[in-house]
Amino acid sequence: MSCLHSSGRGGGQKSESESKRTGAGPSHATPRNTDRGSNSAAALALKKAREAGLRVGNEGDTLTLEAAAAPPQDVLDLLVRHKADILALLRPAEDGWMAEDWQVFFDERAAVAEFDGGLPRAEAEARAFDCCAVEWLNRNPVRSPPSRCLNCGQAEHSHDPLLPFGTGSSGYAWLHSRCWPAWHEARKAEAIAALTAMGILEPRTSR
Ligand SMILES: [Zn+2]
């Protein structure tokens, strides 16, 4: 059986989400509208929409919805409320992938781990998330000049040379070997934050 795509919902009608009057008005924005906060609210709204069986897309500045059945009102409200941030999420990032691409990648990895690898769902999702983090790091490589350490900012010492980390195609980041673990942890945190902002949430597992 093919489990890669859950294409169970046959030909959903396309229905424009009417951009209700509330759609455009950032005028009443709360004072503390941090980017990250509104981003993850938008990501959560997208996630809820997907869970309700909606496909959210965009044509220019209009959100489009595909659904096999009438979408729940609370989900519609969320989409309207976070419309601007959702549109931002639907635009491809610098690495060329948008939130939808990450969701597809995650779903595929989880399905492979669950059905081909025979893992329990929770573990399969944890595995899929790790794959997303690795993929994000590969798609967002960091390069630095070989003159100083990217982590501590210091030049190389005779007893502590700078080493190149990375690949020939992505370029290299130069670090002291003792600085690499901390730098790598920070990079992983960056990947997790970026994925979270796109609605790919780190599964809570008891590892
Ligand atoms: Zn260093």
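Answer with yes or no whether Asp116 is out of contact with any Lys or Arg (no Cβ under 9 Å at 6 or more places or on another chain), on the phi < 0 side of the Ramachandran plot, buried (at least 17 other Cβ atoms within 10 Å of the Cβ) and not assigned by TED's automatic domain parsing to the domain that holds Gly60. No, not satisfied.
Looking at this structure, is Val104 part of a helix (DSSP H, G or I) and loosely packed, with under 14 Cβ neighbours inside 10 Å? Judged against the criteria, Val104 is a match. Answer yes if at least one residue in region 40-53 is in contact with a Leu (Cβ under 6 Å, 6 or more places away or on another chain) and more than 20 Å from Leu195 (Cβ to Cβ), and no otherwise. Checked region 40-53: no residue is in contact with a Leu (Cβ under 6 Å, 6 or more places away or on another chain) and more than 20 Å from Leu195 (Cβ to Cβ). Is there a residue in region 120-143 that is surrounded by 12 or more Cβ atoms within 10 Å (Cβ to Cβ), within 16 Å of the ligand (Cβ to nearest atom), over 23 Å from the mean Cα position of the chain (by Cα) and touching a residue at least 24 places away in the same chain (Cβ under 8 Å)? The answer is no, given that none of the residues of region 120-143 is surrounded by 12 or more Cβ atoms within 10 Å (Cβ to Cβ), within 16 Å of the ligand (Cβ to nearest atom), over 23 Å from the mean Cα position of the chain (by Cα) and touching a residue at least 24 places away in the same chain (Cβ under 8 Å). Residues that are in a loop (DSSP other than H, G, I, E, B) and more than 14 Å from the ligand (Cβ to nearest atom) within region 153-170 comprise Ser158, Gly168, Ser169, Ser170, listed in sequence order. Select from region 171-191 the residues that are in a strand (DSSP E or B) and surrounded by 17 or more Cβ atoms within 10 Å (Cβ to Cβ) and write down the one among them that is nearest to the ligand (Cβ to nearest atom). Residue satisfying both the conditions and the ranking: His176. Condition check for Arg187 on (1) in contact with a Cys (Cβ under 8 Å, 6 or more places away or on another chain); (2) under 29 Å from Gln103 (Cα atoms): one failure, at (1).
From the list Leu65, Leu76, Leu89, exactly one residue is in contact with a helix residue (DSSP H, G or I) (Cβ under 8 Å, 6 or more places away or on another chain), surrounded by 16 or more Cβ atoms within 10 Å (Cβ to Cβ) and over 27 Å from Arg204 (Cα atoms). Which is it?
Answer to the check: Leu65.
The values are calculated or read from the model by the stated rules, or taken from the named source; none is laboratory data. Note that the structure is a prediction, hence the values are computed from the model and not measured. Quick reminder, even Gly has a Cβ in these numbers, built from the backbone with ideal geometry, and neighbours come from all protein chains shown.
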